[in-house]
Amino acid sequence: METQHAAQAARILDTAVQRGAEYADVQFWSIRQEQMNVRNAQVQNVTDAASLGYAVRALVDGSWGFYGSDRFDAASLDRAASEAVATARSGAKVADRIPAVKPTEKITASFETPMTIDPASVSLSDRASELLAAEKAAHVGKSVVSAFAFYSIWTTGKEFYSTNGSSIAQRIVQAGAGCGATAVGKDGDAQTRGGPGDFGLFQGGGYEVIRRAKLLENAPEYGREAIILADAPATPSGTTDLILDGSVLNLQMHESIGHPLELDRALGWEANYSGISWATPDRVGSLRYGSDLLNIYADNALPLGFATVGYDDEGVAPQRVTLIENGVLRAFLSSRDTAAQTSLPQTASVRAADWASVPMVRMTNIVLAPHEGTLESIIADTKDGLYVAGIRSWSIDDHRLNFQFGPQIGYEIKHGKRGRLLKQPTYTGITPRFWGSLDRVAGPSEFVVWGTPNCGKGEPSQAGRTTHACTVARFRGVKVGVKTNA
Amino acid sequence: MRDQDRALSIAEKALRFADAEQAQVTVNFNQQSYARYARNYVTQNLTSDQTTITLTYYAGKQNGTTTTDDSSDDGLRRLAAAARAIAQRVPPDDDFVSLPKPAPTAQAGRAYYESTAGATAADRVEKLLPVFATMKKNGLSCAGYTTTQINTTAIANSLGIRAAFTGTVGGLELKAMAPNTSGYGEYFGPDYAELDAAAIAERAAAKALVSNAPADLAPGVYPVVLEANAFADALSAILTGINAFNVLDDKDSWMIDRIGKPIFSPNLTIVDDWSDPLFANPPFDPGDGAPTQRVTLIDRGVPKGYVSGTYLANKFKIPNTGHSFNFPINAVVKPGTKSHDELVASIDRGILISRTWYSRVVDPRQATITGLTRDGVYLIEGGKLTKTLKNFRYFTSMLEALKDVELGSRQVLTGPGEIGIPIVVPDAKIARFNLSAQTSFA
């Protein structure tokens, strides 16, 4: 792969070393994000945003300094390097700190996201036509007051250089699309149904991801369901067997497995913002996280993964790591520094949102291993339960234990068959009890690589792109239809 | 201001290159520095220096938007050409009427402080050293960040809008942690010199040390005092529905059919006022440069109005309040008369909540919200704090909760929070607040 910034990188790294860095790296980012939004037959936003910048990391006396800039004149390159070193030096003044680890790897490599349809081969007018047709198809009745369709495409070029001599070039392409409809019922209640997933399908790849979302095919069903939901009864309060569609299960994994297994969080580094973790490194090998059917692994090279890369943002090669095996905690998602503070392996899970953001541990691609059966076979096997899909609200505490999710839609299940459609199918639980009640995981035929484009973490908050691939699962004895008392 | 002039100059140049029927250029310079810490040392120490130039080109009702950080002439020419190319290829947006026209705009107050703009990495760490010392003295660990930021926005459009603003932000968030409890403190304002990190550390440490064995309490409906940060978070259920998009377009707001009706306590008044002295906000819409109007959102318990931006104001033929982000970005909750301690003292048996987390609106029409408490929940008995409690999940309609609310006398500017938008807010005592479950930890 052709590189463009080797000379600038050399200048920055030389300056950093001259200023006192023991180690430094710089990553150049060329970012392009294309978006289009259609709402009520109007193409409202068509954007093509580009950014070119670089992120310098310098290590001084076991302390990191970071400086991100989009200025490319020689003085700015020197300033970025010098400021990164000065920033690192300032943190080194603090006593009793745990020193960061000096990287030793030297890697020369390149990576490109596989794709079958280059976004550049699809004209803007064709893209607009696809969204307009899907949005129109969602208007299946008069009570649909609005509908939407959108796509996003991210094309990111990265060049990573380090004082160890590493040189890594990557071109990462990610895309997503979704659609939905809002209907208002007889009592004025507004209900929105959309998807796929939590309002969109997001994966690694080119325009084929947008086509894979099947917007035109899905839109009429979203419209019909929104209409029914707007006048549907609320989900009765009670305890029942709960079947999570992949569009809900993936977010459940994100919040109650992916985040708690970020090692920086478990070590307290995220304590002020998104909290800590009920799972701690000293319980690896002994902590019962869920039932025997709970098998979770992280795979930075997962095909179609929304977080799939060739190398992470510390220049470490991707790995597949078992996080939970037969319900028992086996590992955490980690960086070089967090792994060094434990006896756990480094998992190449470091990502930054862009050149202006400091790299940190991210959940990347996590996978719930498929087991057996299909959605329909699980429904047929459920005497009395609730099947839920789509997401409209989610909330979990800062230890990642107590959660309450609000799917878009619920289907009552009676004697193995779908019954009434219910609105507000909220459910709540405690992480290990909930995963401990997992008794069915569907097989590979239901497997979908779900991504999310807006995972918030860090201060300042970074929007990360993560994957939680899964099928469909059933949980026994879950509290549903949670009500307010006020 | 040199940065404002430079930003406006770039915007005007890009506008000339666009040569459009209508066009708008926004230029942002953002320098953000953070010293982030955990376990009593700095874990992430960073600065980013970013230029963002956004151009929207209109060919009739067709439009295209492009963004770059390249402010060279060639970069701006490419930006304009790319936006024009998009606009010429996509279908029209029939709801678009016009960009805003120039209108009298108030002068901004003082928003730029050299103490903030000139702070170095060493200065930020220096602010943290007494924090770490206080934690160690008390056997505590801490996590949070301190930040200094310089933000410049300049907007120019083809109809003559010219607006520019530079503001600084200084801040600290601090979570003090004992093995089983925690306490929280924060400061945000334009002047970093005003940040007394040592004092915040002492208060956060004292809250963490109220007791080391958090107690259980049955979930239920209790009188609560929500400290300012927690009250701001709970209010997000109200503030997110108080705009023209949710009321008129999406029809999914609690305001629908309730405007003009006395549905809240007469103690509750919320306005959107960029000129509030605790803010350092621009007097114009940072989305398109239209002047920002002062809007009374809730007046003594009666919902009065909602905010709007140019696009929806034109579409629905309503006044443009200068809020194109569809959110009251300058929200101010008017204070009451009682101090924090007096609010606590007025409760015979209830709960003090310091901070909340992961609040999400479950039902926009009822302003129903759920979230979790964190970093300091205390039992109030006989008007005094008697125990630290384990955390709770709350799940309540804020329409119901705000029927009986009493506000504290001291307003503060909150941090960006999860919504990302600071507001000015006092503490609040709510007579009936539903805590639907208790967690196993504090």
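Of all the residues in region A:84-94, those that are without any contact (Cβ under 8 Å) to a residue 40 or more places away in the chain and more than 8 Å from every other protein chain (Cβ to nearest Cβ) number 1.
Search region B:31-55 for residues that are facing chain A (nearest Cβ under 7 Å) and pair each with any residue that is basic (K, R) and in a strand (DSSP E or B) when their beta-carbon atoms are under 8 Å apart and the residues are at least 6 apart or on different chains. Cβ pairs passing all conditions: B:V42/B:R36; B:T43/B:R36; B:Q44/B:R36; B:N45/B:R36; B:L46/B:R36.
Pull up region B:63-81, narrow it to residues that are buried (at least 20 other Cβ atoms within 10 Å of the Cβ) and more than 10 Å from chain A (Cβ to nearest Cβ), then point me to the one that is farthest from B:A11 (Cα to Cα). Restricting to residues being buried (at least 20 other Cβ atoms within 10 Å of the Cβ) and more than 10 Å from chain A (Cβ to nearest Cβ), the top hit is B:A80.
None of A:G285, A:G305, A:G290 is in a loop (DSSP other than H, G, I, E, B), more than 30 Å from B:T47 (Cβ to Cβ), at pLDDT 95 or above and in contact with a helix residue (DSSP H, G or I) (Cβ under 6 Å, 6 or more places away or on another chain) except A:G290.
So that you can scan it fast, the table gives a plain yes or no per residue for (1) over 14 Å from the mean Cα position of the chain (by Cα); (2) surrounded by fewer than 24 Cβ atoms within 10 Å (Cβ to Cβ); (3) assigned to a strand (DSSP E or B); (4) at pLDDT 95 or above:
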| residue | (1), (2), (3), (4) |
| --- | --- |
| A:T466 | no, no, yes, yes |
| A:R474 | yes, no, yes, yes |
| A:G477 | yes, yes, yes, yes |
| A:K483 | yes, yes, no, no |
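Criterion applied to B:K136, B:K175 was being charged (D, E, K, R) and surrounded by 24 or more Cβ atoms within 10 Å (Cβ to Cβ), and the one residue passing it is B:K175. Restricting attention to region A:280-293, the residues that are in contact with a strand residue (DSSP E or B) (Cβ under 8 Å, 6 or more places away or on another chain) and surrounded by fewer than 24 Cβ atoms within 10 Å (Cβ to Cβ) total 8. Across region B:404-442, the number of residues qualifying as away from chain A (no Cβ under 12 Å) and surrounded by fewer than 19 Cβ atoms within 10 Å (Cβ to Cβ) comes to 3.
Only one of B:T66, B:T43, B:T52 is touching a Leu at 6+ places or on another chain (Cβ under 7 Å) and under 25 Å from A:A352 (Cβ atoms); which? Steps first, answer last, please.
Working: B:T43 fails: touching a Leu at 6+ places or on another chain (Cβ under 7 Å); B:T52 fails: touching a Leu at 6+ places or on another chain (Cβ under 7 Å).
Exactly one of B:T66, B:T43, B:T52 is touching a Leu at 6+ places or on another chain (Cβ under 7 Å) and under 25 Å from A:A352 (Cβ atoms), namely B:T66.
When you check B:A154 against the structure, is it within 12 Å of chain A (Cβ to nearest Cβ) and either crowded, with 22+ Cβ neighbours inside 10 Å or not in a strand (DSSP E or B) (or both), yes or no? No; evaluated as a whole, the condition is false for this residue. Only one entry of A:G416, A:G443 meets the criterion of being more than 14 Å from chain B (Cβ to nearest Cβ) and more than 15 Å from A:T240 (Cα to Cα), and that entry is A:G443. Checking A:Q8, A:Q27, A:Q35 one by one, the residue that is within 15 Å of A:W355 (Cβ to Cβ), touching a strand residue (DSSP E or B) at 6+ places or on another chain (Cβ under 6 Å) and modelled with pLDDT of 95 or more is A:Q27 and no other.
Inside region B:370-387, can you point out the residues that are more than 9 Å from chain A (Cβ to nearest Cβ) and within 30 Å of A:P460 (Cα to Cα)?
Residues of region B:370-387 more than 9 Å from chain A (Cβ to nearest Cβ): B:376-387.
Hits for region B:370-387 are B:G376, B:V377, B:Y378.
What do you reckon, is A:L59 at pLDDT 95 or above and at the interface with chain B (Cβ under 8 Å from one of its Cβ atoms)? For A:L59, the condition - at pLDDT 95 or above and at the interface with chain B (Cβ under 8 Å from one of its Cβ atoms) - is not met. Name the residue that is nearest to B:G75 (Cα to Cα), counting only residues in region A:63-79 that are more than 8 Å from chain B (Cβ to nearest Cβ) and among the hydrophobic types (A, V, I, L, M, F, W, C). Of everything passing the filter in region A:63-79, A:F72 is nearest to B:G75 (Cα to Cα). Only one entry in A:T3, A:T116, A:T15 is more than 12 Å from every other protein chain (Cβ to nearest Cβ), at pLDDT 95 or above and surrounded by fewer than 17 Cβ atoms within 10 Å (Cβ to Cβ), namely A:T116.
Residues in region A:321-350 that are closer than 29 Å to A:V209 by Cα and modelled with pLDDT under 95: A:T347, A:A348.
Elements of the type strands (runs of 3 or more DSSP E) sitting completely within region A:1-117 and holding at least 1 residues that are under 30 Å from A:R211 (Cβ atoms): these cover A:23-39, A:42-60, A:108-112.
Given the structure, is A:G194 within 14 Å of chain B (Cβ to nearest Cβ), farther than 20 Å from A:V173 by Cα and surrounded by fewer than 22 Cβ atoms within 10 Å (Cβ to Cβ)? For A:G194, the condition - within 14 Å of chain B (Cβ to nearest Cβ), farther than 20 Å from A:V173 by Cα and surrounded by fewer than 22 Cβ atoms within 10 Å (Cβ to Cβ) - is not met.
The values are calculated or read from the model by the stated rules, or taken from the named source; none is laboratory data. Everything quoted here is computed from the prediction, not taken from an experiment. Here Cβ is always computed from backbone atoms with ideal geometry, including for glycine, and neighbour counts include all displayed protein chains.
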